[in-house]
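K.L.:
For reference, the structure I am asking about is given below.
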Number of protein chains: 4
Amino acid sequence: MEKLKKKKYEALLEPLLHELSDAARWIAETGQRLVVVFEGRDTAGKGGSIHMFANTLNPRQCRVVALSAPSDRERGQWYFQRYAEHLPATGEIVLFDRSWYNRAGVERVMGFCTEREAKDFLKNVPAFEKLLVDEGILLYKYWLCCDQEKQEERFEDRLNNPLRRWKLSPVDLAAREKYDDYTRAREEMLMATHTSYAPWTLVDFNNQAIGRLTLLRDLLDKLPDTKLPIPDVEWPPLKTKPGHERFQALQPIEHYDYDQDVEERDRNEDEAD
Amino acid sequence: MEKLKKKKYEALLEPLLHELSDAARWIAETGQRLVVVFEGRDTAGKGGSIHMFANTLNPRQCRVVALSAPSDRERGQWYFQRYAEHLPATGEIVLFDRSWYNRAGVERVMGFCTEREAKDFLKNVPAFEKLLVDEGILLYKYWLCCDQEKQEERFEDRLNNPLRRWKLSPVDLAAREKYDDYTRAREEMLMATHTSYAPWTLVDFNNQAIGRLTLLRDLLDKLPDTKLPIPDVEWPPLKTKPGHERFQALQPIEHYDYDQDVEERDRNEDEAD
Amino acid sequence: MEKLKKKKYEALLEPLLHELSDAARWIAETGQRLVVVFEGRDTAGKGGSIHMFANTLNPRQCRVVALSAPSDRERGQWYFQRYAEHLPATGEIVLFDRSWYNRAGVERVMGFCTEREAKDFLKNVPAFEKLLVDEGILLYKYWLCCDQEKQEERFEDRLNNPLRRWKLSPVDLAAREKYDDYTRAREEMLMATHTSYAPWTLVDFNNQAIGRLTLLRDLLDKLPDTKLPIPDVEWPPLKTKPGHERFQALQPIEHYDYDQDVEERDRNEDEAD
Amino acid sequence: MEKLKKKKYEALLEPLLHELSDAARWIAETGQRLVVVFEGRDTAGKGGSIHMFANTLNPRQCRVVALSAPSDRERGQWYFQRYAEHLPATGEIVLFDRSWYNRAGVERVMGFCTEREAKDFLKNVPAFEKLLVDEGILLYKYWLCCDQEKQEERFEDRLNNPLRRWKLSPVDLAAREKYDDYTRAREEMLMATHTSYAPWTLVDFNNQAIGRLTLLRDLLDKLPDTKLPIPDVEWPPLKTKPGHERFQALQPIEHYDYDQDVEERDRNEDEAD
């Protein structure tokens, strides 16, 4: 697959973000509720896809739900309970960074649940999702794919790039050899939970930039026509001359003196030689 | 102020993000709890600053709290109650995109609370924050400043850029003429709540890129030495040849055909001429 | 129906409470989850039935859930969401004092929801309950019946007895003439939601004491054999002489001097003559 | 202390419950918020006192908060966080069956927290409570006392009465020999947290009936004049003849046939001889 230059990517992304922004306005104004589930291979690109949404939308409208492992008490609750708590109210968008499908993927492959629990989950999840959809919640489920070669490359990047090191969890390490088990678990999950009312969409994320564009284009196409006129806003000139900041109690701190900082770093590095 | 080129900004930001990433690891490993409060002028740059953190850190460690207006029942609760619910547990970071200080700013200036409630709030908030700090919570409060001229420019950008239009709330419109009232409210807030244990830091955001660098540098300087060795990870070669995605139940969708899309858009535009 | 003397009632109740207490121990020790839904006519006796449980059981094991009207935000959530939040974890008992069935009863009869919403609810509730039951939650639903004559008597008691006056809500007043509408709504509810996995049990509460005994006997019969041996506890004599309360910082207050209080009340009443 | 006959107790209690009922109406109508903290010796009578309130008041107005041990995550939160979540909104009453004071009592005496944490707690709690009281929350704290002889009697009753056996926790067993340690911990707690704005009240519960009357009388005396006229209610005769229950979908179950049940039990006992 051809590589997409950053400039071109940004040029392509921008009109899609405009459509996303329109869609969010439509959701708010018509009182929709949108749930987007992000699942997929480790390293596929869930986080980056979610930032694409979250960096564009109003954080008071669009929440990211990234739950940690359940507490002991939560483990003893109705399985869907801790997810249900975070479902959107009218006008809201919720992005699930992993979701109830944990049980069909990592929990099953890594043995964090029993095979029986995994089977029960697969049997029950369509009923749960039907309840949501029947009440009018818009529910879209994306599964992000990539080949193991790409996965290994990205794992190594996480290994070597301290900025991304947190993305390399102990579970990832243990799961590295289980690429095929994950494939099998995914296929079984799709067989059981790809329904007419809550279908899955698989997106190839071997190229993440193209993956993100593809996912977003697809989501926008799934929504009905969301074009609403942007309301006019009266915008009279200010009645007074624009004010300046005036400080009494406390002054702003000095700007970050980056030139000095860079110099100092260079000097330190010289000294270290 | 000189303009900071995007390239240079990114080069300057990167080492700071590395330090931030180290700090997050230190917070997780030593069981700290970090609260960062983002307050300031409308348009100053709270959202962008928060994305700088959220795009770098693990969403299971770092949460953004951006509360909507309280419900009637919440309005009748202990004022700090709905914020207290979101305080970090051990190892966590919480970024408040606006906070309990709403009462000293927008609520007061716009008359959403009584003058008496605002005064009571200012009297009580140091005690509330002392409770948090005395229990070892790291609490840093940033107020982002900008001149009204900049604010007007950015309001107009929001007015004209549909991508940012959601940032222009009806309250913003009503507040436009109240720049000086906000200044007065801020000064009174600083007098009442700039304490030794929970001091405010004012950051000039007339230039947002420089503002973000300044804020982040300052926060990192406030933290103790957070340098912990990155743990070694054993990384043996895969035992099998890397697998490829194989699909049975469902195929990935086609890549977004952006060339066609662009062509079509051009054609539509031509036709529209 | 013969009247049941208080003495006899208490003698009959006691062995049932022992069985209830055994059942609660079984629930705790075997990690069950029990949900009991109390629905029925206004005045039928839900509150008294619930106290029979709550006064017997450990409040850390057995919670009463009596939700108020939803907030605007809750009204925009998934209908079952605010109820799902309160479902029991392992070892717990939850008593719903009214429940999700509000929508099929008071909301429908009084027009607080649309007819469409009521129909949708009736269609969806079996799927919701099946999810709970399929996960092993024990779910029992009781509907408490009484004739309108009894209801009127009890309404009048509430009207005249200040201790019970809070039980007479404005909705009750408005609903008084709608006895038959409630009957119709109940029948439709039963047709739609009396399922093999979550059956309803109707209990005649024209006599409340007998109603409570009947309900409790029925619930106990529905549970499997819950008899577990009460664990032995070592109970050595105290090693020291039993201590007495000794107060330094603060003394207990004087006992309520009821004789004086009664005298005074009598005197006041005399004076009032 | 003289024993109070049940009849007399009930006659004495009733007028107090009327006052309590008036107070609850005043709280609802004037938008007060009431918190009552119940602490004290094991077996003193917290549960019974709380039932006296809960059995009288509207469960939608008056909640009992009886928290279980914190989860690991909760243990890492701000200490007051999980209690703050349950504070009353306008018009509500919350009864804390044990409370944040756990840390000064059982946690400290049994070594579930460090001595340092207990000291910090004692230092911080007045500030926390001042925040609540300054915002107008009515906060009353009761500590229920009894001599160890009584405590032993009641422990033995719990040991032998299966209905009350759940009240005998493993911690109780371990704490039996620590009566004097609890006394010391209480005295230190009182020294640190008996403040002008949130004073403690000690009530002697060697006789529980008298203890409950004393506690309730005292609480009522602490409230301002709560007498509001009970609103008149129009109560026209029904327009139609009172309806009878008519069942189609499902019939009520048979009344509990207690005579047969008693007979059977007797027979079983005979056979057992």
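The values are calculated or read from the model by the stated rules, or taken from the named source; none is laboratory data. Remember, predicted model here, so these are calculated numbers, not experimental data. FYI the Cβ positions are ideal-geometry reconstructions off the backbone, even for glycines, and counts take in every protein chain you see. Areas reflect the complete protein model, heavy atoms only, side chains present, ligands, DNA and RNA absent. Shrake-Rupley method; radii C 1.70, N 1.55, O 1.52, S 1.80 Å.
K.L.:
What per residue convex hull volume, in Å³, comes out for the protein assembly as shown when only alpha-carbon positions are used?
P.N.:
241
K.L.:
Take peptide A:201-214, look around each residue's Cβ out to 10 angstrom, count Cβ atoms belonging to other protein chains, and average those counts. Working shown, then result.
P.N.:
Details: counts 3, 7, 5, 7, 2, 3, 1, 0, 0, 3, 3, 1, 5, 7.
Average per residue, whole number: 3.
K.L.:
Going from most exposed to least, what order do B:D266, D:D172 have by accessible area with a 1.4 Å probe?
P.N.:
B:D266, D:D172
K.L.:
Using a probe radius of 1.4 Å on heavy atoms only, what accessible surface per residue do you get for chain B? Whole Å² is fine.
P.N.:
With all protein chains present, chain B gives 46 Å² per residue.
K.L.:
Specify, for chain B, the residue whose C-beta is closest to the rotation axis mapping it onto chain C, with the distance given in whole Å.
P.N.:
B:S71, 2
K.L.:
Then there's this: Using the Cα centre as the reference, give the magnitude of the dipole from point charges on the C-beta atoms of the protein assembly as shown (Lys, Arg: +1; Asp, Glu: -1; all else neutral), rounded to the nearest 20 debye.
P.N.:
Values: 164 positive and 200 negative charges, 2 e Å.
Value, rounded to 20: 20 debye.
K.L.:
What nm value, rounded to one decimal, do you get for the distance between A:D134 and D:A127 when each label is placed 7 Å out toward the C-beta?
P.N.:
According to this spin-label approximation, the distance is 5.3 nm.
K.L.:
Ranked by accessible surface with a 1.4 Å probe, highest first, in what order do C:S68, B:S49 come?
P.N.:
Ranked list, largest accessible area first: C:S68, B:S49.
K.L.:
Still on this model: Please give the average number of partner chain Cβ atoms lying within 10 Å of the Cβ of each residue in D:59-66, rounded to a whole number.
P.N.:
That works out to 5 on average.
K.L.:
Non-local amide H neighbours of A:G40 (under 5 Å, H modeled in plane, Pro and chain starts lacking H): which ones?
P.N.:
A:L144
K.L.:
Compare the Cα positions of C:Y101, C:G40, C:W26 along the charge dipole of the range C:1-109 (+1 at Cβ of Lys, Arg; -1 at Cβ of Asp, Glu; about the Cα centre) and return the one farthest towards the positive end.
P.N.:
C:G40
K.L.:
In nm, one decimal, shortest first: how far is the label point of C:Q260 (7 Å from Cα along Cα to beta carbon) from the matching points in the other copies?
P.N.:
5.8, 7.5, 9.4
K.L.:
State to the nearest 20 debye the size of the charge dipole of the range A:6-222 about its Cα centre, where the only charges are +1 on K and R beta carbons and -1 on D and E beta carbons.
P.N.:
Dipole about the Cα centre, nearest 20: 360 debye.
K.L.:
Find the centroid of the Cα atoms in the range C:202-267 and in the range D:204-262, then give the distance between the two in whole Å.
P.N.:
19
K.L.:
What longest range of chain B stays clear of loop-exposed trypsin sites (Lys or Arg not before Pro) (DSSP non-H/G/I/E/B, at most 13 other C-beta within 10 angstrom)?
P.N.:
The longest such stretch corresponds to B:6-226.
K.L.:
In addition: Which of the residue pairs C:K7/D:K46; B:K123/B:K227; B:K6/B:K227; A:K167/A:K227; C:K123/C:K150 have a Cα-Cα distance greater than 30 Å in the structure shown?
P.N.:
Those over the limit are B:K123/B:K227; A:K167/A:K227; C:K123/C:K150.
K.L.:
Restricting attention to the range C:211-268, which GluC sites (Glu not before Pro) occupy a DSSP loop and are surrounded by at most 16 other Cβ atoms within 10 Å? Present the calculation step by step, with values, prior to reporting the outcome.
P.N.:
Details: sites: C:E234, C:E245, C:E254, C:E263, C:E264; in loops: C:E234, C:E245, C:E254.
Those that pass, being in a loop and sparsely packed, are C:E234, C:E254.
K.L.:
Averaged over A:6-15, how many beta carbons belonging to a partner chain fall within 10 Å of each residue's beta carbon?
P.N.:
Counting other chains' Cβ atoms within 10 Å and averaging over A:6-15 gives 2.
K.L.:
Roughly speaking, to the nearest percent, how much of the protein assembly as shown's 1.4 Å accessible area is carbon and sulfur? Working shown, then result.
P.N.:
Details: 24960 of 50710 Å².
For the protein assembly as shown, the apolar C and S fraction of the accessible surface comes to 49 percent.
K.L.:
Rounded to the nearest 100 Å², what's the accessible area chains D and C bury against each other, both chains counted, probe 1.4 Å?
P.N.:
8000
K.L.:
Once every DSSP H run of n ≥ 4 in chain A is given -39500 (n - 2.57) and the sum is divided by its residues, what mean residue ellipticity at 222 nm do you get, rounded to the nearest 500 deg cm²/dmol?
P.N.:
The helix contribution divided over chain A gives -14500 deg cm²/dmol.
K.L.:
Any idea of C:D204's accessible area? Nearest 10 Å², probe 1.4 Å.
P.N.:
The accessible area of C:D204 comes to roughly 30 Å².
K.L.:
Now a separate question. Using only alpha carbon pairs under 8 Å that are at least six residues apart, calculate the relative contact order of chain C and give it in whole percent.
P.N.:
26
K.L.:
Further, regarding this structure: Between copies, how close do the B:K8 label points come, placed 7 Å along Cα→Cβ, listed in nm from shortest?
P.N.:
3.1, 9.2, 9.7
K.L.:
Output, in nm with one decimal and in ascending order, the distances from the A:A69 label point to the matching label points of the other copies (7 Å from Cα along Cα-to-Cβ).
P.N.:
In nanometres, ordered from closest: 1.9, 4.3, 4.5.
K.L.:
Run the quick spin-label model on A:Q260 and D:E85: label points 7 Å from Cα toward the beta carbon, then report their separation in nm to one decimal.
P.N.:
Between A:Q260 and D:E85, the label points sit 4.7 nm apart.
K.L.:
Still on this structure: Would you list C:L12, C:L173 from the most to the least accessible area, probe 1.4 Å?
P.N.:
C:L173, C:L12
K.L.:
In a Gaussian network model over chain D where Cα atoms closer than 10 Å are linked, find which of D:P126, D:P252, D:P15 has the largest mean-square fluctuation.
P.N.:
Maximum among the listed residues: D:P252.
K.L.:
What GluC sites (Glu not before Pro) in the range A:1-78 are in a loop by DSSP, with at most 14 other Cβ atoms within 10 Å of the Cβ?
P.N.:
Hits after loop and neighbour filter: A:E2.
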